[in-house]
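Here is the structure we will look at, set down as structure tokens.
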Amino acid sequence: LGFCYEEANRDIDEDLLKEYILRQYSLYYKQNSLSFNFNKKYVNSFDYQHITAQLVSLFPESLQNKRTL
């Protein structure tokens, strides 16, 4: 929830990660706390219910409403 480093975006993410770590270290050193701001809607888009709904939407319509145990 703090920073995501993507190897495919190394040229961009490497510098951003360094900046993030330095910013967090500075905050901790000066204020004994860390910055924790996140986009709740974005984070929730990775929960299993949301991911499952996305997968089901890819199924043919005839299978979307069938449920098996």
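The values are calculated or read from the model by the stated rules, or taken from the named source; none is laboratory data. Bear in mind the structure is a predicted one, so any value in this text is a computation, not a measurement. Side chains included, ligands, DNA and RNA excluded: accessible areas come from the protein's heavy atoms. Shrake-Rupley method; radii C 1.70, N 1.55, O 1.52, S 1.80 Å.
In region 29-69, of all residues being part of a helix (DSSP H, G or I) and among the aromatic types (Phe, Trp, Tyr), the one that is nearest to residue 3 (Cα to Cα) corresponds to 42.
Of everything in region 35-53 that is open to solvent by 100 Å² or more (accessible area, probe 1.4 Å) and polar (S, T, N, Q), the residue that is farthest from residue 23 (Cα to Cα) is 49.
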